[in-house]
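Heads up: the structure comes next, in structure tokens.
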Amino acid sequence: MDLQTVTVTDADGTTDLFVRIYGDKKQLQRTLVIIHGAGEHGGRYDHFAGRILGAGWRVLALDLRGHGQSGGVPTHVEQFEHYLRDLDTIWNHFQLDPESTAVFGHSMGGLVSVRYAETRPQNMSALVLSAPLLGLAVKVPLLKEALGRICALVAPRTRFLTEIQPDQLTRNPEALERRDQDPFSNRTVTAAWYFQMIDAMYQAWHDADRIHCPLLLLQGQADEIVDPNAAIGWWLRLASTDRTLQLFPEHLHELINEPDWEQTATRILEWLDARMPAQPRTPMRSSSQHVPPQQPVSRNGS
């Protein structure tokens, strides 16, 4: 597989961002940017990136600050906006053309992707979300949350173990074993990080009507980490007239690591290809380009 890596320094010159590059820009017209979830990194999407590359897309899979091989305090962010500025750095460094750039975001990376689409709508032509963090299903004990709120004010880098259990992530034992052995996997977050996520979720709901680009939302209905009903409710608020909701009745949180992930990847590619074909797009998109749902539990906006 054609894979290179590069380190890009953020706009402030303080944090190095590690990026995996799959494919050659000179040979591939379209780019998919992968934004991973909390406590993981872009390398966990190597299998998915390979599938996308094989379909004629260049792929950029970055490690967000505080994750993987990027700099920063592990799973900590002082301001959620720093994640968005880091994406600005990536867009500028790789000179990404919005007309040929799509974004895939999972979980926390889905929330980052949503806020990027809401605040920088001109930077992408399509958005794919996998179990985006738009509402929590995992319960945080009230005492722990109260303590975390105090720490966020007086000691923001205080670390807490998440309430997420590995078997809530996926039904795929091989994927669970790979994560367990991953030296960059992290199950703790800082107090500041947690409340920055809460604030960003509120803003994502408030600004949902700012999203006009084509959007595909994939959500497992058995997800115990993010709230599936929150994803559906947020999707209904979108201003986009080209929005697709794909529900997976028995799937857990990590859809790209579930046993049938290849079928999910095919669904994503079909949806993207209908909206961002390899050849130059025509001004008008016919209704025949809409890909029919892969499963019966799916809703398409008009």
Under the Karplus relation with 6.51, -1.76 and 1.60 and θ = phi - 60°, whole-Hz ³J(HN,Hα) for segment 137-151, x at Gly and Pro, equal 9, 5, 8, 9, x, 4, 5, 5, 5, 5, 5, x, 5, 5, 5
Under the Karplus relation with 6.51, -1.76 and 1.60 and θ = phi - 60°, whole-Hz ³J(HN,Hα) for segment 106-120, x at Gly and Pro, equal 10, 6, 4, x, x, 5, 4, 5, 4, 5, 5, 5, 6, 9, 10
Could you compute the net charge surrounding LEU169? Neighbours are other residues with a C-beta less than 10 Å from the C-beta of LEU169; K and R count +1, D and E count -1.
-4
List the residues, sorted by chain then number, that are 5 or more residues from ASP2 or on another chain and whose placed amide H is less than 5 Å from its amide H.
GLY23
Would you kindly state the longest site-free stretch of the chain, with sites defined as trypsin sites (Lys or Arg not before Pro) in a DSSP loop (not H, G, I, E, B) surrounded by at most 11 other Cβ atoms within 10 Å?
140-302
With the contact rule set at Cα under 8 Å and sequence spacing of 6 or more, what percent relative contact order holds for segment 3-296?
18 percent
With the convex hull built on the alpha-carbon atoms of segment 3-296, volume per residue in Å³ sits at 124 Å³
When only alpha-carbon atoms count, how far does segment 56-196 stretch along each of its three principal axes, as whole angstroms with the largest first?
47, 38, 27
Quick one: length gained pulling ARG237 to ALA155 fully straight, 0.36 nm per residue minus the C-alpha distance?
25.9 nm
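Here, each number is a calculation from the coordinates, and none is a lab measurement. Computed from a predicted model, the values in this text were never measured in an experiment. FYI the Cβ positions are ideal-geometry reconstructions off the backbone, even for glycines, and counts take in every protein chain you see.
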